[in-house]
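Colleague: First the structure, then my questions, so here it is.
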Amino acid sequence: MTNALLLLVEALGYFGLMAVLFALRGRIGLGVFMTALAGMHFLETYLASVFYVAAPLGILSPGSTVLFSGKLVMLLLLYMKEDAATVRQPIYGLLVGNLLTLALVGVLRFHSVEPLPGGAMPDMSFIDDMGWLMAWGTTLLFIDAILIILLYEALGRVLRASLFLRILASVATILSLDQIGFFTVLHLLTDAPWSAFFGGWAGKMAAALVYSTLTLAYLRWFERGELPVPRGVSDVFEALTYRERYNALVEHAGRDALTGLMHRGRFNELGAQAVAASQSSGRPLTLLIIDVDHFKSINDHHGHAEGDRVLQTIAATLVSQVGPKDTVFRIGGEEFAVLCPYPHALGRLLGETIRQVICLEDGSAPRCTVSVGVATTGPSVQSLEELFALADRRLYMAKDGGRNRVVGEGPAEGWTGSTAISF
């Protein structure tokens, strides 16, 4: 248990120091973080080759369990928060540095070595073993870095709602593969026992759990900025990261800066697709156009800052009231739209719910009302333009009828009853 506690202390100390350096990268630069990451590479390889301890999970090395596992997590963190041109730097640097080590060891053999007064002579066989282990370990790290990015992206499709599970699954899987690759060579070079393989694997799984927990805590408490977009696609790292970052950029670019809702361009694009899908499937599609009543007077009497707050409040209300299959847009200054896959009656009830909630809201922004026009696809409405024009006409009917009302088709046009439905 003493060894297990010491390993935990080492992991906490390693992550704590590296996380501080990473968090300060804006002030002191990433070079400090990367140098510290690379500076422990020799110690990591040395410990993994000769230094093993007994722990509850078996025989394992702090070099693999603490240092290598921590380094892989740090590289994943670097990928998550920086661009691909940055994350490749320590990978390539370690690989080139270790290849240079092997080359220099080959040149050193041509020296005539003089013994020290005590008779000490260099152990070239140890240098050979360490050099090849460092080169092999760095090659594995290069492969591991690519695989963990691939896996992290792939898991994003199924575990996007759980960042912790996404990190843990990625780290644990790659550490398992690395344990197989590194220990096989270690066994051939040093005749390391297979009990160390199983103990080392169990230790890495425990390290994956600890480091994933620490990474999630760090991201939530110290890193809250948006992920930057890579500058180009020039190598395999950029190719792997480009798709996810590009999709995030497209999603951000398609949104209104004030409210965070999708803007008119996305409404035209997604609306046309939704109408086409409705026509081909025969399922209804209803459009609600929502306009803030007397919005100009809000700006005139309370100022544009309060007007912006009103729009943000209404946007948040719309998002809270619609269902998971509904889409909300800001299509004009004080005009919003909701596309929902409901028949007309349910769409109109949704509009009435929205109208009532906004009318009854009481907050720091000035109280206001909205008018809503509702239209649904059908035999006479077969394009987004026709759907929008019909909903827009009914919106102006609501305005002309006194505002603060929902207008749809049929005998209930202009209805302002109090019945509400929750979606």
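Colleague: Only one of Gly156, Gly199 is within 21 Å of Leu7 (Cβ to Cβ) and open to solvent by less than 10 Å² (accessible area, probe 1.4 Å); which? Lay out the reasoning, then the answer.
Modeller: On the way: Gly156 fails: within 21 Å of Leu7 (Cβ to Cβ).
Going through Gly156, Gly199 in turn, the sole match is Gly199.
Colleague: Okay, moving on. How many residues does the stretch 1-36 hold that are assigned to a loop (DSSP other than H, G, I, E, B) and within 22 Å of Tyr92 (Cα to Cα)?
Modeller: Qualifying residue count, the stretch 1-36: 1.
Colleague: Related question: Of everything in the stretch 91-125, what is assigned to a loop (DSSP other than H, G, I, E, B), open to solvent by less than 90 Å² (accessible area, probe 1.4 Å) and at pLDDT 80 or above? Give them in sequence order.
Modeller: Val113, Pro115 - these are the residues of the stretch 91-125 that are assigned to a loop (DSSP other than H, G, I, E, B), open to solvent by less than 90 Å² (accessible area, probe 1.4 Å) and at pLDDT 80 or above.
Colleague: Right, something else. Could you please give the count of residues in the stretch 8-51 that are in contact with a Gly (Cβ under 8 Å, 6 or more places away or on another chain) and open to solvent by 70 Å² or more (accessible area, probe 1.4 Å)?
Modeller: Residues flagged as in contact with a Gly (Cβ under 8 Å, 6 or more places away or on another chain) and open to solvent by 70 Å² or more (accessible area, probe 1.4 Å) within the stretch 8-51 amount to 3.
Colleague: Which condition does Val372 not pass, out of (1) touching a Leu at 6+ places or on another chain (Cβ under 6 Å); (2) more than 21 Å from Ser297 (Cα to Cα); (3) not small (Gly, Ala, Ser), if it passes all the others?
Modeller: Going through (1) touching a Leu at 6+ places or on another chain (Cβ under 6 Å); (2) more than 21 Å from Ser297 (Cα to Cα); (3) not small (Gly, Ala, Ser) one by one, Val372 breaks only (2).
Colleague: Could you run through the stretch 310-353 and say how many residues are open to solvent by 20 Å² or more (accessible area, probe 1.4 Å) and closer than 11 Å to Leu261 by Cα?
Modeller: Counting residues in the stretch 310-353 that are open to solvent by 20 Å² or more (accessible area, probe 1.4 Å) and closer than 11 Å to Leu261 by Cα gives 5.
Colleague: Also, quick follow-up: State whether the residues of the stretch 281-288 include one that is under 35 Å from the mean Cα position of the chain (by Cα), within 19 Å of Glu386 (Cα to Cα), modelled with pLDDT under 95 and in a helix (DSSP H, G or I).
Modeller: Within the stretch 281-288, one or more residues are under 35 Å from the mean Cα position of the chain (by Cα), within 19 Å of Glu386 (Cα to Cα), modelled with pLDDT under 95 and in a helix (DSSP H, G or I).
Colleague: Check whether at least one residue in the stretch 56-64 is outside any helix (DSSP H, G or I) and surrounded by 21 or more Cβ atoms within 10 Å (Cβ to Cβ), and report yes or no. Explain how you work it out, then say what you get.
Modeller: Pass one, the stretch 56-64, residues outside any helix (DSSP H, G or I): 56-61.
Still in the running and surrounded by 21 or more Cβ atoms within 10 Å (Cβ to Cβ): 60-61.
Yes; the residues of the stretch 56-64 include at least one that is outside any helix (DSSP H, G or I) and surrounded by 21 or more Cβ atoms within 10 Å (Cβ to Cβ).
Colleague: Search the stretch 174-196 for residues being of a type in the set (Val, Ile, Thr) and without any contact (Cβ under 8 Å) to a residue 24 or more places away in the chain, and hand back the single one that is most open to solvent (accessible area, probe 1.4 Å).
Modeller: The first filter runs over the stretch 174-196 and keeps only residues of a type in the set (Val, Ile, Thr), leaving 174, 180, 184-185, 190.
Next, only the ones that are without any contact (Cβ under 8 Å) to a residue 24 or more places away in the chain stay: 180, 184.
On the way: Ile180: 90, Thr184: 62 Å².
This residue is Ile180.
Colleague: Checking Arg403 against (1) open to solvent by 40 Å² or more (accessible area, probe 1.4 Å); (2) at pLDDT 90 or above; (3) closer than 23 Å to Pro284 by Cβ; (4) not hydrophobic (A, V, I, L, M, F, W, C), only one condition comes out false. Which one?
Modeller: Of (1) open to solvent by 40 Å² or more (accessible area, probe 1.4 Å); (2) at pLDDT 90 or above; (3) closer than 23 Å to Pro284 by Cβ; (4) not hydrophobic (A, V, I, L, M, F, W, C), only one is false for Arg403: (3).
The values are calculated or read from the model by the stated rules, or taken from the named source; none is laboratory data. No experiment lies behind these values; they were computed from the predicted model shown. Here the Cβ is made from the backbone with ideal geometry for all residues, glycine too, and neighbour counts use every protein chain on show. Areas reflect the complete protein model, heavy atoms only, side chains present, ligands, DNA and RNA absent. Shrake-Rupley method; radii C 1.70, N 1.55, O 1.52, S 1.80 Å.
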